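Accompanying notes for the structure given below.
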Amino acid sequence: MDFLLADFHDDLSSTVNAMLTKADVPAVARAWAAGDRSAATSMYAQLADAGICGLLIDEAHGGSSAGAVEMVVAVEQLGRHCVPGPVAESIAVLPTLLRDADVTGPLSALAEGRLATCAIAPLAPLAADAEGADIFVVTDGVLATAEVESTERSVDPTRTVSRVRPVRTLAENVDVDDAVDAGVLATAAQLLGLGQAMLSIAADYAQARKQFGRPIGSFQAVKHHLADVAIAIEMARPLVHVAALGIDGQVPEDTDVRRDVSAAKVAAAEAANLSARRSLQVLGAIGYTAEHDLSLYLTKTRALLGAWGTPAAHRSRILESLR
């Protein structure tokens, strides 16, 4: 089995990275937090034009007919740039859920960059970023459109979570397992990107900030802090990729794909959390001020650690599979 990404995966990653660099996502995120979604709408439209929003949607509905590997490559870059909105839900969960439920009507809108969110208990009982998005809910195997009952802000200023109630039934006896796994894996990819971005911010700061006439990055303690983060990220990334291969059916038949997905989420969450803590140590208090971009990454990382299942929940899933 080949775990290395192909050249076209590198090209996909570079394309998304270049597009989001040009979009100035920190400014887009701050506008989103302030209630202005216009810049984000334009950004998602550009991603849709590049085929990113429809990676898991078939060509008949305007998608790219790609697989989970391509999805995690692209979503890692969305995490690296701290893209606001229901990323995992719009790009991974709902394309999978609607396909499995044979509810194909909304797929074209998703491929065109329409944002959507959903609630699927027990791992995701609340819908993320429901304002301005199409909302779905699955209750006891029944898929329905939904409306908001109540909304609360999260630690991430660009993210809200909402309790929703069903409005119109779309399908019954819906199997949500694949959709949930897609959400877990997409969140793990976002966390990888967030962790990598915070490491880069901290490394750049360590080279520029001087104490005692030397860059603080030359001090062994700082080097060790950042090296620990780099190792954690590089150890987590293959777990995300092998879980994606499992979802795409490119692993031996006896592979427990769900366990691999949970392992990917645990490793990515731990790596991102370590990156958040170490980068804040390197930058000091300035890193948590609203004016510094690092604060956007810190708060989004904290919010996504528990999205689509906490690390504890996924450790329990892993333990159950081993029993």
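The values are calculated or read from the model by the stated rules, or taken from the named source; none is laboratory data. This is a predicted model, so every value here is computed, not measured. A quick note on method: Cβ atoms are made from the backbone with ideal geometry, for glycine too, and the neighbour counts reach across all protein chains shown.
Would you confirm whether or not segment 208-229 contains a residue that is crowded, with 19+ Cβ neighbours inside 10 Å and modelled with pLDDT of 95 or more?
yes
Please find, within segment 170-207, the residue that is modelled with the lowest pLDDT out of those that are surrounded by fewer than 18 Cβ atoms within 10 Å (Cβ to Cβ) and among the charged types (D, E, K, R).
Per the stated criteria, the residue is D204.
Looking only at residues in segment 186-208 that are in contact (Cβ under 8 Å) with a residue 24 or more places away in the chain and over 16 Å from G79 (Cα atoms), which one is nearest to the chain's Cα centre (by Cα)?
The residue in question is A202.
What about L126, is it surrounded by 21 or more Cβ atoms within 10 Å (Cβ to Cβ) and aliphatic (A, V, I, L, M)?
no
Given the criterion β-branched (V, I, T) and modelled with pLDDT under 95, identify the matching residue among V266, V282, V257, V242.
Just one listed residue meets the conditions, V282.
Exactly one of these conditions fails for V242: (1) over 14 Å from the mean Cα position of the chain (by Cα); (2) β-branched (V, I, T); (3) crowded, with 22+ Cβ neighbours inside 10 Å; (4) closer than 20 Å to H314 by Cβ. Give me its number.
(3)
Name the residue, out of A244, A285, A230, that is out of contact with any Lys or Arg (no Cβ under 9 Å at 6 or more places or on another chain), free of Cβ contacts under 8 Å to residues at least 24 places away in the same chain and part of a helix (DSSP H, G or I).
Answer to the check: A285.
Let me spell it out: the conditions are (1) of a type in the set (S, T, N, Q); (2) touching a Gly at 6+ places or on another chain (Cβ under 8 Å); (3) under 20 Å from D129 (Cα atoms), and S42 meets all of them except one. Which number is the exception?
The failed condition is (2).
Just to be sure I understand, how many residues within segment 6-25 are crowded, with 16+ Cβ neighbours inside 10 Å and touching a residue at least 60 places away in the same chain (Cβ under 8 Å)?
6
Given the conditions (1) more than 29 Å from T169 (Cα to Cα); (2) in a loop (DSSP other than H, G, I, E, B); (3) out of contact with any Pro (no Cβ under 7 Å at 6 or more places or on another chain), report the number of the one that C82 does not fulfil.
With (1) more than 29 Å from T169 (Cα to Cα); (2) in a loop (DSSP other than H, G, I, E, B); (3) out of contact with any Pro (no Cβ under 7 Å at 6 or more places or on another chain) applied to C82, the lone miss is (3).
In segment 116-157, what residues are assigned to a loop (DSSP other than H, G, I, E, B), under 21 Å from A34 (Cα atoms) and in contact with a strand residue (DSSP E or B) (Cβ under 7 Å, 6 or more places away or on another chain)?
Matches in segment 116-157: D129, A130, E131, A133, S154.
Of the residues that make up segment 102-115, is at least one more than 28 Å from N173 (Cβ to Cβ) and either crowded, with 21+ Cβ neighbours inside 10 Å or in contact (Cβ under 8 Å) with a residue 60 or more places away in the chain (or both)?
So far as segment 102-115 goes, yes, one or more of its residues are more than 28 Å from N173 (Cβ to Cβ) and either crowded, with 21+ Cβ neighbours inside 10 Å or in contact (Cβ under 8 Å) with a residue 60 or more places away in the chain (or both).
Looking at this structure, is V266 closer than 16 Å to V180 by Cα, assigned to a helix (DSSP H, G or I) and in contact with a Pro (Cβ under 7 Å, 6 or more places away or on another chain)?
yes
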